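In what follows, a structure is listed as structure tokens, so that the remarks can point back to it.
The values are calculated or read from the model by the stated rules, or taken from the named source; none is laboratory data. Fair warning: this is a prediction, and the values are worked out from it, not measured in the lab. With ideal geometry, Cβ positions are generated from the backbone for all residues, glycine too; neighbour counts draw on all protein chains shown.
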């Protein structure tokens, strides 16, 4: 199916749409989409007002509700196959070890409710992030937003924290220093 046909189908089903959202929904490069929109506008099939593309009134190619629903289903089913292979690849990788299964969980999902202890490997205050080596041997990224209010950390500090799956892997949250003078 040509880009122009995809655009017309999408606009028929969803109405007006910003070109960037349209490119994302149709999984088309913005420059390619822009060219197609220009052609459709010159042909008089669409108009662009206030940055939104829409079908020209009175020339809507889809007339019945059933046809609109069929097109919506067609657009949605074409988007799904592109996502499924990625999930299948993740599933294959996830069978190797428990640590890898943790990494495939959705962004910012809490992995463990209990607190883990560890040592700050390094922390760059000017950049607002660093890494903690947990007592379990795993490294956890820590961002300044993950520090408990009022706490400041530096290299070699003993800390306790909760773990969640961030966009860059396991991350530390609710980080606080452990009082080492309790002896």
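Considering region 24-34, the residues that are farther than 16 Å from residue 55 by Cα and part of a helix (DSSP H, G or I) include one that is modelled with the highest pLDDT, namely 32.
Within region 152-167, track down each residue that is part of a loop (DSSP other than H, G, I, E, B) and more than 13 Å from residue 130 (Cβ to Cβ).
167
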